[in-house]
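So the structure is just underneath, and the comments pick up after that.
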Amino acid sequence: MKKIVLIVLLIMAGISVSAQKKKKNAKAVIKVDGVCMMCKKRIEKAALSTKGVKYAIWNVNTHDLSLIFDERKTNLKSIKEVVANVGHDTKEIKATKEVYDNLHPCCKYRDEEVRDDHKQKGK
């Protein structure tokens, strides 16, 4: 009886481990702050420079960064850190003041006037 219980527990543990297998082509969408095409280029370049990221497209209007990445090589937190390190905030990770201040004046998405200016240009 003890052997049967042990075998059942081992099978359940094996199933649990296999269910947590990391995906080679994981898909995710994260919000990233920015306002213009220069931001788009910077955000996408940063994301794609992360080992394991295969696809990164940022939408200027929705602020969605669509990703395909290898979970065996990277994770969302690492991608968000890389994006923040080039000056763009995500919900969880904010760019440092120093990095943000080095952005081109057109890209200062924290400035309400800059955001409003880009909204008017988009009309």
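Each reported figure results from applying straightforward, stated rules to the coordinates on display, with no laboratory input. As the structure is a prediction and not an experimental result, all values here were calculated from the model. Methodologically, a virtual Cβ is constructed for each residue, glycine included, from the backbone with ideal geometry; neighbour enumeration extends over all protein chains shown.
Treat every Asp and Glu Cβ in the chain as -1 and every Lys and Arg Cβ as +1, leave all other atoms uncharged, and give the resulting dipole magnitude about the Cα centre to the nearest 20 debye.
Values: 27 positive and 15 negative charges, 177 e Å.
Using only the charged Cβ atoms, the result is roughly 860 debye.
Quick check: the angle from helix 2-19's long axis to the longest principal axis of the chain, C-alpha only, nearest 10 degrees?
Compared with the principal axis, the helix lies near 20 degrees.
Starting at the first residue of the range 114-121, write each ³J(HN,Hα) from the Karplus equation 6.51 cos²θ - 1.76 cosθ + 1.60 with θ = phi - 60°, in whole Hz, x for Gly and Pro.
Calculated HN-Hα couplings, in order: 5, 4, 4, 4, 5, 5, 5, 5 Hz.
In nanometres, what is the gap between the two model label sites at residue 41 and residue 101, each 7 Å from Cα along Cα-to-Cβ?
2.5
Based on the Cβ-Cβ distance from residue 49 to residue 110, what FRET efficiency comes out when R0 is 30 Å, to the nearest 0.05?
Values: r = 23 Å, r/R0 = 0.78.
The calculated FRET efficiency here is 0.80.
Mind checking which of 88, 104, 63 has the largest fluctuation in a GNM of the chain, springs on alpha carbons under 10 Å?
104
If you take the charge dipole of the chain about its Cα centre, with +1 on Lys and Arg Cβ and -1 on Asp and Glu Cβ, which of 120, 28, 39 is farthest toward its positive end?
Farthest towards the positive pole: 28.
Give the label of the value calculated from the structure for Kirkwood radius over Cα pairs in Å, choosing from (1) 14.8; (2) 16.4; (3) 15.7.
(2)
Rank these for me by crowding, 96, 90, going from fewest to most other beta carbons within 10 Å.
Details: 96 11, 90 20.
Placing the least packed residue first, the sequence is 96, 90.
Taking 0.36 nm per residue of separation and subtracting the Cα-Cα distance, what length does fully extending residue 81 through residue 121 add? Don't skip to the end; give the middle numbers.
Details: separation 40, 0.36 × 40 = 14.40 nm, distance 3.00 nm.
Net length gain for the segment: 11.4 nm.
With axes computed from alpha carbons, what is the tilt in degrees of helix 37-49 against the longest principal axis of the chain, rounded to the nearest 10 within 0 to 90?
Compared with the principal axis, the helix lies near 30 degrees.
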